[in-house]
Amino acid sequence: MKTSIILTFAFLLLASGASKAQTAQDATPVKKDIALQLYSLRSDIAKDYDGTVQKAGDAGYTAVEAASYDDGKFYGKTPEEFKASIENAGMTVLSSHTGKGLSDTELATKDFSESLKWWDRCIAAHKAAGMKYIVTPSMPVPKTLKDLQTYCEYYNEIGKRCKENGMSYGYHNHSYEFVKIEDKVMYDYMLENTDPEYVFFEMDVYWAIRGGQSPVDYFNKYKNRFTLLHIKDNKELGQSGMVGFDAIFKNTDAAGTKHLIVEVEQYNFTPIESVKKSLEYLQNCPLVKESYDK
């Protein structure tokens with residue numbers, strides 16, 4: 001009888017321990033697929049590229065968006081070297097910010113041939129680096145809708161060339177795209193006059209709000225145009241209270257979002273601590289999906 005009681009007690013202890021272990025395992029947060037815009041770590045990268053990229057991978061980021069394309073290289077590395085350095089840090093190469101504005105002659109004549117030669121070389125380098133997306137990060141505000149239409153046609157042509165090479169082309173906003181040119185909001189005109197087959201939009205949600213706009217309204221008005229989202233706040237994510245991230249994350253299906261990309265431009269902490277805290281915010285937010293590209 002005593003032996004039976006002891007064995008029963010031992011079994012209950014083991015069962016309890018197993019239950020607690022399972023609960024702890026179930027509570028372990030799933031690693032979410034979140035990319036980092038490397039501009040967030042620009043000062044650290046300038047001092048120690050390899051060490052900084054490794055810290056981003058160690059922090060838990062799964063992919064990167066580059067911001068240093070120049071003459072066929074990324075951060076001074078060949079496309080192949082750049083790709084290898086990112087993969088060695090446990091991440092993948094997702095996207096890149098780069099662009100080329102039109103000259104006055106090109107704007108007047110709509111002859112983009114010289115700029116498109118540059119783009120052909122640029123696209124080849126990005127393809128060699130394993131990029132999925134190329135994003136133009138900004139543009140000058142045109143004086144007329146006619147000039148803005150020319151830029152839309154230019155972006156369509158770049159997008160065609162990217163698609164032919166297995167990539168997608170997009171445009172990233174700041175706040176000034178929400179000004180009016182003649183009688184039309186610049187950003188709306190771009191959305192309505194670029195071909196969705198060739199041009200997507202990487203909405204920077206922080207800059208949209210600074211431009212007096214609701215990202216969610218745009219997601220629902222222009223469905224499936226926002227393949228990438230720059231998830232940004234005044235400093236670290238969630239610290240300002242001015243960005244309605246919950247509403248944004250609830251409407252990513254309407255937006256057509258495939259990837260979230262963190263960007264931190266100003267800091268309360270060191271840059272690496274700031275990007276870590278921003279990632280933790282997303283990891284802990286139950287509204288953020290494990291992956292959007294499924």
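A few comments on the model shown:
- Computed label-point distance, nm, for sites E280 and K221 using a 7 Å Cα→Cβ extension: 3.7
- Sparse packing (at most 12 other Cβ atoms within 10 Å of the Cβ) combined with a DSSP loop state is found for the following GluC sites (Glu not before Pro) in region 161-230: E182, E197.
- For the chain, the fraction of 1.4 Å probe accessible surface lying on carbon and sulfur atoms is 51 percent.
- For T194, neighbours were defined as the other residues whose beta-carbon sits under 10 Å from its Cβ, and their charges (Lys and Arg +1, Asp and Glu -1) total -3.
- Using a Gaussian network model of the chain in which every pair of alpha carbons under 10 angstrom is joined by a spring, one finds that among K223, K277, K117 the greatest mean-square fluctuation is at K117.
- Among S85, S40, S103, residue whose mean-square fluctuation peaks in a GNM of the chain (springs only between Cα atoms under 10 Å): S103
- Quotient of Cα Rg and 2.2 N^0.38 Å for region 103-225, N being how many residues it contains: 1.06
- Out-of-range pairs (alpha-carbon distance over 20 Å; input K223/K277; K83/K117; K32/K163; K32/K294): K223/K277; K83/K117; K32/K163
- Once backbone amide H atoms are built at 1.01 Å from N, V262 has A35, L36, Q37, I231 as its partners under 5 Å, excluding neighbours fewer than 5 places away on the same chain.
- Between region 49-96 and region 133-160, the C-alpha centres lie 27 angstrom from each other.
- With all protein chains kept in place, the per residue accessible area of the chain amounts to 48 square angstrom at a probe of 1.4 angstrom.
- For the Cα trace of region 151-294, dividing Rg by the Kirkwood Rh returns an Rg/Rh value of 0.98.
- Rg/Rh, computed from the Cα trace of the chain with Rh as the Kirkwood radius, has the value 1.10.
- With a simple spin-label model that places each label point 7 Å from the Cα along the Cα-to-Cβ direction, the separation between K73 and A128 comes to 1.2 nm.
The values are calculated or read from the model by the stated rules, or taken from the named source; none is laboratory data. Everything numeric in this text was worked out from a predicted model, so none of it was measured. For neighbour counting, all protein chains shown are included, and Cβ atoms are generated from backbone atoms with ideal geometry for every residue, glycine included. Accessible surface is based on the protein model in full, side chains and every heavy atom, while ligands, DNA and RNA are left aside. Shrake-Rupley method; radii C 1.70, N 1.55, O 1.52, S 1.80 Å.
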